Amino acid sequence: MTCASLGRLALSTLLALTLGGCVIPSPGIATATPSTSPIALASPTPPSITPPTNLVRPGTLTFLSDTTYPPQESIDPSTQHAVGFDIDIAKAIAAKMGLAATFQTTNSPQIVGALLAKKGDAIISALQITPDLQRQVALVGYFIAGQAILVRKGDGSTIGSMTDLCGKKVAVQVQSPEENTVDEANGGVCKAATIKKMVFPTDLQAVLILKQRGVDAALDDSPVASYFVKQTPDQLEQAGAPFKTTPEGIAIDPKNGELLKAMQQAMMAIYQDGTYRQILTAWNLLDGEIPASQITVNSSPTSS
């Protein structure tokens with residue numbers, strides 16, 4: 001799967017519902033949603049970058065997104081509008097082209113096919129840049145995500161890496177990449193003093209048991225960990241920097257060279273004028289800042 005895993009998307013839906021972040025879309029349904037944002041973006045006119053002419057809808061960039069993954073993309077239940085870090089990035093990019101941004105909720109398994117079927121102009125949906133994805137679409141890098149250690153407020157001074165978790169109780173979601181990380185550590189760096197792995201159906205439950213002092217730490221996707229910290233900064237903090245990181249990209253039909261060029265230019269523009277960092281800061285995601293050298297990924301799919 002090209003997004004953060006299918007299981008992670010499911011649990012993040014539960015997280016969003018609990019914390020007030022999203023509404024579950026019907027399977028296979030794509031609905032256009034306007035967007036509100038806490039970020040003050042420049043007026044979309046006049047454009048500083050020549051807008052593409054072959055858009056799905058004139059005057060707007062139509063982004064496909066699986067809006068079940070806060071803080072990157074979700075539906076605000078109070079407005080029914082798409083919100084999140086990815087949403088603000090997409091809006092800022094569109095503004096640089098003098099365009100509006102529209103978001104269509106599209107389930108992850110269908111999202112690349114929907115793009116290639118011209119249901120949207122681009123995908124912004126926490127897509128990990130993998131060799132398989134690069135064989136299908138062109139990409140513009142915009143974020144780096146990985147795994148992160150969550151601890152109770154104040155415990156970050158004694159826990160900062162996986163080696164610090166040896167011999168401690170750690171909560172993870174079942175069948176998640178983070179559970180695999182604990183297993184790897186127990187067979188490696190923590191072999192002499194293994195981590196006591198506590199497995200839960202969702203990471204929401206894993207974090208709850210951390211707050212209740214049932215474990216010493218919890219492992220999670222780095223943007224989701226940041227979201228938990230942002231929601232309860234008086235109770236939680238991230239210990240150390242994210243690890244096992246992978247860049248994420250905005251996907252574009254590789255045949256659409258005009259849009260790809262404009263997207264690369266617009267992403268570089270918001271990077272250089274400070275808008276990108278402003279959005280990262282607003283969503284507590286500075287750890288995921290991508291270097292300028294990784295914005296341009298590839299102009300066409302790689303060969304098999």
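The values are calculated or read from the model by the stated rules, or taken from the named source; none is laboratory data. Worth saying up front: this structure is predicted, and the values here are computed from it rather than measured. Quick reminder, even Gly has a Cβ in these numbers, built from the backbone with ideal geometry, and neighbours come from all protein chains shown. Note: accessible area is taken over every heavy atom of the protein model, side chains too, but ligands, DNA and RNA are not part of it. Shrake-Rupley method; radii C 1.70, N 1.55, O 1.52, S 1.80 Å.
Quick one: pull the percent of accessible area on region 228-280 belonging to carbon and sulfur, 1.4 Å probe, ligands and nucleic acids left out.
Its accessible area is 49 percent carbon and sulfur atoms.
Would you kindly state how much longer the chain becomes between residue 282 and residue 241 on full extension, computed as 0.36 nm times their sequence separation minus their alpha carbon distance, in nm to one decimal?
Stretched out fully, the residue 282 to residue 241 stretch lengthens by 12.9 nm.
Under 13 Å from a point 7 Å along the Cα-to-Cβ line of residue 196: which residues of region 216-250 have their amide N that close?
Residues 216-217 qualify, since their backbone N sits under 13 Å from the label point.
With every protein chain left in place, what is the accessible area per residue of region 53-163 in square angstrom, probe 1.4 Å?
It amounts to 30 Å² per residue over region 53-163.
Taking residue 255 as the anchor, which aspartates and glutamates have their alpha carbon closer than 17 Å to its alpha carbon, excluding any fewer than eight residues away along the same chain?
121
Considering only 163, 143, 128, whose Cα is most displaced toward the positive end of the charge dipole of region 126-185, charges sitting on Cβ of Lys, Arg (+1) and Asp, Glu (-1)?
Working it through, the farthest residue towards the positive pole turns out to be 143.
Can you tell me how region 61-127 classifies by the Cα gyration tensor, rounded, prolate or oblate, using a/c under 1.5 as the rounded cut?
Taking the square roots of the gyration eigenvalues as a ≥ b ≥ c, region 61-127 is oblate.
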